Each structure stands twice: as C-alpha cells, then as structure tokens.
Amino acid sequence: MPVRPSLEGSSFDADLRDRHLIYDYAAQDEQGNPESWRYEMWFQNEDRINYAIHGGPMAGRINFQTAEYQCIRAGELWQCNWLEETGTICSLVYDIPKKRITTMLGFSKGHWEQAKEAHGDKRNAEDLNRWRGLARIGIQTDRVMLSAQADILEDFRGSGNLKPVDNSLPTM
C-alpha cells in the first residue's frame with residue numbers, strides 16, 4: 001500500500017504550487033558533441049505535474065502525471081516522483097536556492113529504444129495508446145538508468161505555454 005507524505009503544514013504552497021520552471025540539461029549527441037536538452041515543468045498543484053520536452057531524444061513529448069511530492073528541506077529542497085504510461089520511473093529533486101534540478105530516470109526498454117514513439121501529447125488517444133504499448137516491451141530489469149543535472153533558466157508562476165490539466169483526467 002503506497003504511503004503518501006502529507007503536505008499539510010508544509011511549505012508546498014510557497015515553494016512549489018503553480019511554479020513553472022524551464023531548464024537545460026548539458027548533454028551530448030550521439031557523436032559526443034555538446035547539446036542542451038530543454039525541459040519545461042509546471043508543478044500545477046499537489047496532485048499533478050505538467051511538462052513538455054523541447055530538446056534531446058525525447059523532444060516533442062507533452063505529458064501530465066499524478067505526482068508524489070516530498071519536502072526535504074522547506075524553502076530549499078523538494079522531491080517529485082512519478083510513473084509514466086511508458087513504464088518509465090521519474091524522480092526529480094528541485095534545489096530552490098541553487099536553481100538546479102537533479103533527476104534519476106528509469107526508462108523502460110520500449111521508451112528508451114523507441115524514443116520517437118514516446119513523442120506526442122497524452123491528450124491525444126493515439127499517442128497515449130502508443131505510449132502504453134512501449135511499457136510492454138522488455139521486463140523490469142531491462143531499464144536504462146539515467147541521472148542528470150540541469151540549470152534552471154526561467155522560474156515563474158502560472159501555466160506559461162502548457163495547458164492546465166483537470167485533476168479528474170486519468171493518470172497512472
């Protein structure tokens with residue numbers, strides 16, 4: 001049975017609610033040349049994250065998900081975790097004063113090996129069904145683990161260019 005950390009009495013509202021971050025991972029292309037992977041994350045509310053990927057192999061992916069938030073140090077460090085329809089496990093730590101994102105991703109075999117198939121928008125039924133099919137490729141131990149850090153370029157409140165998500169929409 002999952003245990004959800006209580007956000008009651010936490011600094012969630014001040015630290016994360018409605019916060020929108022745009023950040024770049026310093027990465028390398030297949031030839032080893034430097035490139036930036038741009039991500040956009042909106043901590044819409046205590047139940048949802050909403051994001052778009054603009055750079056790197058997952059560019060063109062727009063998603064929202066039920067998220068689990070955990071305060072590590074109020075006003076400074078928060079962790080956000082979620083599971084995607086592709087079977088990918090995501091864990092993000094937001095360092096507020098250092099303006100830094102640290103992530104650990106456990107890509108499913110299907111998501112990693114067929115990255116282009118993971119592009120699209122979850123609101124499109126065809127994209128969502130294709131993503132669910134990626135989760136059925138391989139077994140749990142076929143995961144590709146990726147740890148990375150990103151520098152935050154923009155930090156503001158509100159949806160920006162992301163579409164708000166009704167909490168009644170189904171997620172994992």
Of all residues in the range 77-91 being hydroxyl-bearing (Ser, Thr, Tyr) and under 12 Å from the mean Cα position of the chain (by Cα), the one that is surrounded by the fewest Cβ atoms within 10 Å (Cβ to Cβ): Ser91
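Only one residue in Ser6, Ser11, Ser36 is hydroxyl-bearing (Ser, Thr, Tyr) and in contact with an Asp or Glu (Cβ under 6 Å, 6 or more places away or on another chain), so which one is that? Don't jump to the end; show me each part of the working.
Working: Ser6 fails: in contact with an Asp or Glu (Cβ under 6 Å, 6 or more places away or on another chain); Ser11 fails: in contact with an Asp or Glu (Cβ under 6 Å, 6 or more places away or on another chain).
Just a single option satisfies the conditions, and that option is Ser36.
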Test set (1) under 27 Å from Gly75 (Cα atoms); (2) surrounded by 14 or more Cβ atoms within 10 Å (Cβ to Cβ); (3) at pLDDT below 95 - Tyr94 fails condition number: (3)
Selected residue [assigned to a strand (DSSP E or B), β-branched (Val, Ile, Thr) and under 25 Å from Ala27 (Cα atoms)] from Thr103, Thr86: Thr103
Residue satisfying all of: in the range 39-56; over 12 Å from the mean Cα position of the chain (by Cα) and within 15 Å of Ile101 (Cβ to Cβ); modelled with the lowest pLDDT among these: Gly56
Residue count, the range 130-142 (criterion: part of a loop (DSSP other than H, G, I, E, B) and within 23 Å of Arg38 (Cα to Cα)): 0
Glu30 outside any strand (DSSP E or B), over 18 Å from Phe156 (Cα atoms) and among the charged types (D, E, K, R): yes
Residues located in the range 112-143, provided they are closer than 20 Å to Val165 by Cα and free of Cβ contacts under 8 Å to residues at least 40 places away in the same chain: Asn124, Ala125, Glu126, Asp127, Asn129
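Of a type in the set (Phe, Trp, Tyr), in contact (Cβ under 8 Å) with a residue 40 or more places away in the chain and farther than 26 Å from Asn124 by Cβ, is that true of Trp78?
Considered against the rule, which asks whether it is of a type in the set (Phe, Trp, Tyr), in contact (Cβ under 8 Å) with a residue 40 or more places away in the chain and farther than 26 Å from Asn124 by Cβ, Trp78 comes out as yes.
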When residues of the range 97-145 are limited to those that are among the aliphatic types (A, V, I, L, M) and modelled with pLDDT of 95 or more, the one surrounded by the most Cβ atoms within 10 Å (Cβ to Cβ): Ile101
Sole exception among (1) surrounded by fewer than 16 Cβ atoms within 10 Å (Cβ to Cβ); (2) within 20 Å of His20 (Cα to Cα); (3) within 17 Å of the chain's Cα centre (by Cα) for Ala74, by number: (3)
Any hit, the range 84-91, residues being within 19 Å of Gln44 (Cα to Cα) and either at pLDDT 95 or above or hydrophobic (A, V, I, L, M, F, W, C) (or both): yes
Tally of residues being at pLDDT 90 or above, surrounded by fewer than 16 Cβ atoms within 10 Å (Cβ to Cβ) and not hydrophobic (A, V, I, L, M, F, W, C) across the range 1-30: 3
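The values are calculated or read from the model by the stated rules, or taken from the named source; none is laboratory data. Just so it is clear, the structure is predicted and the values come from calculations on it, not from any experiment. Heads up, the Cβs are rebuilt from the backbone with ideal geometry, glycines too, and the neighbour counts pull from every protein chain shown.
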